[in-house]
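The structure appears below as structure tokens.
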Amino acid sequence: MNNTAKTQITDIGKDINANLLHTVGADPAHATRNEMMQAVSQVARAQLSERWVHTQREERSSKARRVVYLSMEFLMGRTLSNALAALHLTDAATQGAAQHACVLEDLIDCEPDAALGNGGLGRLAACFLDSMATLGLPSIGYGIRYEYGMFAQEIQDGRQVEYPDSWLKDGTPWEFPRAELTFPVRFGGWVTHEDGKVIWKNAGEVAAKAYDMVIPGHGTHKVSTLRLWKAVAPDHIDLGVFNAGDYARAASAKNEYENISWVLYPNDSTPAGRELRLKQEYFFVAASMQDLIQRHLEEHHILDNLAEHVAIHLNDTHPAIGVAELMRILCDEHGMHWDKAWAICGKTFSYTNHTLMPEALETWPVSLMQHVLPRHLEIIFRINKEFLDQAARFRPGDQEFLKRLSLIDEEGDRRVRMAHLSVVGSHMVNGVSALHSELLVHTIFSDFASLWPHRFTNMTNGVTPRRWLAQANPGLSKLLDASLGPVWRLDLTQLNRLVERQNDATFRSQFRAIKRENKERLAKLIEQTTGVVVSPDSLFDVQVKRIHEYKRQLLNVLHVVTRYQAILANPDAPWVPRTVIFAGKAASSYAAAKSIIHLIHDVGLTVNNDPRIGDKLKVVFIPNYGVSVAEIIMPGADLSEQISTAGTEASGTGNMKLALNGALTIGTDDGANIEIRQNVGDDNIFIFGLKTPEVRSLRVEGYHPLNYYENNPELKAVLNAIGVGVFSPSEPGRYSALVNSLVWGGDHYMLLADYASYIATQQKVDDLYRQPELWSQRAIANVAGMGVFSSDRTIGEYARQIWNVTPIHY
């Protein structure tokens, strides 16, 4: 150990003790793990704060063009380990913790995940902030400071049960309250037009208070900002009513407004839930717009040049109301002429679409918009009229064309189409994989693409290697450091050099040993969370993602039952032992997805307790899936299940994280699976099922799932077993609705059409796993092919091709 390292360890030991005494208020000699975690966090926070202040000073002085990234979710995970890595303090913190008889990993485990997101959308946003900081891009992310996240998932008697995710109950060392940054956000009321001026006479108002989280770059002193808004009622309680003894009514106004920032994606199956969702979206957009306008005027004094200095990006349609809000601010509050404001708006916004499914594209009833945001509805109507006038000149007399383009869906209950607003209000629109972007311009946005073919482009997603390899898989990271040097953390294309190590027997042996250690760690998590003991010798078959019918966890279950029945029929065959691992949350109002979770548990209960099966097959569902759980699952996976119906998954990033950690993919030619296949090679991935054109053709010709059921005895036996209650004997009809939806209900996501191909491909997986040297070669090929899937590459492309933002060198 050199003198610099010794000095750093001594200094951090002193800093930890000082923070225990002066910040945490604990005796260093008797500090608990949680107190130690807070003290170490304060040490890192202090250094990050210095970097953050320097970053802001540089950006202000350079008057740099900034990226403003608006997202409903930022699934950040834990911060401590990432902060220490960015500050090059991990080794020193390890030694500092040891001086207090603590293991750094145990301290890191004390930190709760920041409950600011749910799935791939939020984790992508978090990876992007990491890359913006690492690349030195002037940037700020905006979102909501959810007090209770989406929900904490528990499994009770096989059923998902939701509880508040109270990640802030003990506070967090990673946020900086900004008391001076509070903006009013208005709702409801009516609009008057007086003497050429528009006056929005709102019916209610809530204060948006800012809390900053710092996002450190790696290999740089740059620190980006994630600014989160908390909803605060203008007056906390009605003291007069309170003193009169009506305590519930006294607090009702406070709760009515502050619940805006309580929960991510409140249940929208009720009118009140839908209104709250719309208020949430406008709340964070309105506060963010006021903040960015205030900052711009402080730096540039006029709004005419807003588009030259600000690039506002809409991460999906949740912040789409920002288009109307910017127009309202420019026209109503600053008196700008409409045409000039609209030109600025179009140059400022860009939009990422994340779904091809029309039913998933966000719309709001016109009546609800009128009730909550009456002025914005007026603005949307005007945008729509002028846009349709323009479109009519492109195709005169084509009313169906105009109906499809309209920002207002006039069929039945009139609804505002937020994706259409995003497209019309942006200068660039992108998909998130090559296939997705191609399908966008041929399906849901084909009419827009005919008007503006150059407005659409592709930005294939990526993941940060700092979180998903360096931090999640320290064993493999050390092996890569020894083979490639540490530069891969900042230039993931260096992984391509691993191709030459595939045939190195020593390297393959080291690679397998690391995978074994990671599988042992995952097996321990499985036992802790489910009570099921699994063997690390078995093939770890992983499907971890949001529970949704199009992601086809149910197809995976059909394979599990097929395998179970086959083992029972031929128990002495040389079966490859397999542990099938599920994790993910179902939306609280999504009955079918919740039923799939219940089925997974019932199948697991049967299989895991059948003495005839033993270790040949295990089925587990790890509860409360999040970033920290994923950091254990991804490195321990052998097989990555990416089995959505071709043409439904926009991209996926779990597929990238798993392959980056040496898992082989079994999947359809869908989303980013296609580009993964192109980069790792056809021999190093298991592709099955219908391709997107075949799915489309089958739908057009007429898809008859009953024919597949009747003509495949294996499939019929599986569906019959589920349908008659083999796995739910106490309630035989529990899964009849799921089975009927496949056989008689149209099988919308074509599980039965892909079943035979999927089962045959799973046999190929077994055949390869019996050859550990060849499996290792192909796993290494997957890691080697992941260089292009860094979020650094993705953000670099956004910066050059969409945002026109250049890095500042810190």
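The values are calculated or read from the model by the stated rules, or taken from the named source; none is laboratory data. Note that the structure is a prediction, hence the values are computed from the model and not measured. A quick note on method: Cβ atoms are made from the backbone with ideal geometry, for glycine too, and the neighbour counts reach across all protein chains shown. These accessible areas exclude ligands, DNA and RNA; they are computed on the full protein's heavy atoms, side chains included. Shrake-Rupley method; radii C 1.70, N 1.55, O 1.52, S 1.80 Å.
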Checklist entry - What spacing in nm lies between the two simple spin-label points modelled at Ala244 and Val487, each 7 Å away from Cα in the Cβ direction? => result 7.4
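At a Förster distance of 35 Å, what's the computed FRET efficiency of Ala434 paired with Gln528, Cβ-Cβ distance as r, to 0.05?
Efficiency for this residue pair is about 0.30.
Can you tell me how much longer the chain between Ala101 and Gln801 gets when fully stretched, taken as 0.36 nm per residue apart minus their C-alpha distance, in nm with one decimal? Walk me through the numbers before you get to the answer.
Details: separation 700, 0.36 × 700 = 252.00 nm, distance 5.10 nm.
Contour length minus the Cα-Cα distance gives 246.9 nm.
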Checklist entry - Label Arg186 and Ala46 with points 7 Å out from Cα along Cα→Cβ: what is the distance between them in nm? => result 4.6
Checklist outcome for this item: Counting only DSSP beta bridges fully inside the chain, the antiparallel percentage to nearest 5 is 45
Next on the checklist: Going by amide H atoms built from the backbone, whose H comes under 5 Å of the H on Gly204, apart from near neighbours?
Outcome noted: Phe187
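What translational diffusion coefficient, to the nearest whole µm²/s, does region 661-780 have by Stokes-Einstein, given a Kirkwood radius computed over alpha-carbon pairs, a temperature of 20 °C and 1.002 mPa s viscosity?
Working: Rh = 16.4 Å.
My calculation gives 131 µm²/s for D.
How much FRET efficiency would the formula 1/(1 + (r/R0)^6) give for Gln294 and Leu568, where r is the Cβ-Cβ distance and R0 is 51 Å, rounded to 0.05?
With R0 = 51 Å, the Cβ-Cβ based efficiency is 0.15.
Which order do His22, His337 take by accessible area at a 1.4 Å probe, largest first?
On the way: His22 155, His337 120 Å².
Heavy-atom accessible area, descending, gives His22, His337.
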Checklist entry - What is the set of long-range amide H partners of Asp610 at a cut-off below 5 Å, with H atoms built 1.01 Å from backbone N? => result none
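Taking a ≥ b ≥ c as the square roots of the Cα gyration tensor eigenvalues, with a/c under 1.5 meaning rounded and otherwise prolate when a/b beats b/c, else oblate, which class fits region 370-489? Don't skip to the answer; put the middle values down first.
Values: a/c = 3.91, a/b = 2.45, b/c = 1.59.
It comes out prolate by the Cα gyration axes.
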Item to check | Probe 1.4 Å, accessible area per residue of the chain, Å² | outcome: 38
Checklist entry - Do any of Lys519/Lys691; Lys14/Lys222; Lys63/Lys169 go past 30 Å between their Cα atoms, and which? => result Lys519/Lys691; Lys63/Lys169
Next on the checklist: Under 12 Å from a point placed 7 Å out from the Cα of Phe176 along the Cα-to-Cβ direction: which residues of region 48-70 have their backbone N that close?
Outcome noted: 48-58
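Got a number for carbon plus sulfur as a percent of the chain's accessible area, 1.4 Å probe?
Working: 15780 of 30940 Å².
It is 51 percent, rounded to a whole number.
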Checklist entry - What are the DSSP H helices in the chain that stretch 27 Å or more along their long axis, judged by alpha-carbon atoms, and whose average Kyte-Doolittle hydropathy comes to at least -0.5? => result 374-394
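Report the FRET efficiency, 1/(1 + (r/R0)^6), for Trp452 and His334, where r is their Cβ-Cβ distance and R0 is 30 Å, rounded to 0.05.
Working: r = 28 Å, r/R0 = 0.92.
Efficiency, from the Cβ-Cβ distance: 0.60.
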Checklist outcome for this item: Given backbone amide H placed at 1.01 Å from N, residues whose amide H is under 5 Å from that of Phe540, ignoring those fewer than 5 places away on the same chain, are Thr579, Asp638, Leu639
Next on the checklist: Could you give the length gained by full extension between Val499 and Leu774, i.e. 0.36 nm per residue of separation minus their alpha carbon distance, to one decimal place?
Outcome noted: 97.6 nm
Checklist outcome for this item: As straight-line cross-link partners of Lys594, the qualifying lysines (C-alpha separation under 24 Å, not fewer than 8 residues apart within one chain) are Lys545, Lys551, Lys585, Lys618, Lys716
Checklist outcome for this item: Per its Cα gyration tensor (rounded if a/c is under 1.5, else prolate when a/b beats b/c, else oblate), region 337-401 is best filed as rounded
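Grab the Cα-Cα distance for Phe381 and Arg404, subtract it from 0.36 nm times how many residues apart they are, and report the gain in nm with one decimal.
On the way: separation 23, 0.36 × 23 = 8.28 nm, distance 1.55 nm.
Taking Phe381 through Arg404 to full extension adds about 6.7 nm, to one decimal.
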Checklist outcome for this item: For Lys209, counting only lysines whose alpha-carbon sits under 17 Å away and dropping same-chain residues fewer than eight positions off, the answer is Lys230, Lys254, Lys279
Item to check | Residues in region 740-782 reached by a label modelled at Ser509 [backbone nitrogen below 20 Å; 7 Å Cα→Cβ] | outcome: 771-781
Next on the checklist: Per residue of region 535-542, what does 6.51 cos²θ - 1.76 cosθ + 1.60 with θ = phi - 60° give for ³J(HN,Hα)? Whole Hz please, x for Gly and Pro, Karplus curve as stated.
Outcome noted: 9, x, 6, 6, 6, 8, 9, 10
Next on the checklist: Could you report the accessible area of Arg501 in Å², rounded to 10, computed with a 1.4 Å probe on the protein chains as they sit in the structure?
Outcome noted: 60
Next on the checklist: Run the reach check for Lys340 against lysines, Cα to Cα strictly under 22 Å, same-chain hits fewer than 8 apart removed. What comes back?
Outcome noted: Lys197, Lys385
Checklist entry - Which of rounded, prolate, oblate describes region 144-296, given a ≥ b ≥ c as roots of the alpha-carbon gyration tensor eigenvalues and a/c under 1.5 marking rounded, otherwise prolate only if a/b is larger than b/c? => result oblate
Item to check | Helix-only CD estimate at 222 nm, as mean residue ellipticity for the chain, using -39500 (n - 2.57) per DSSP H run (n ≥ 4) | outcome: -15000 deg cm²/dmol
Checklist entry - Between Met357 and His442, how many nm apart are label points set 7 Å from Cα along the C-beta direction? => result 2.1
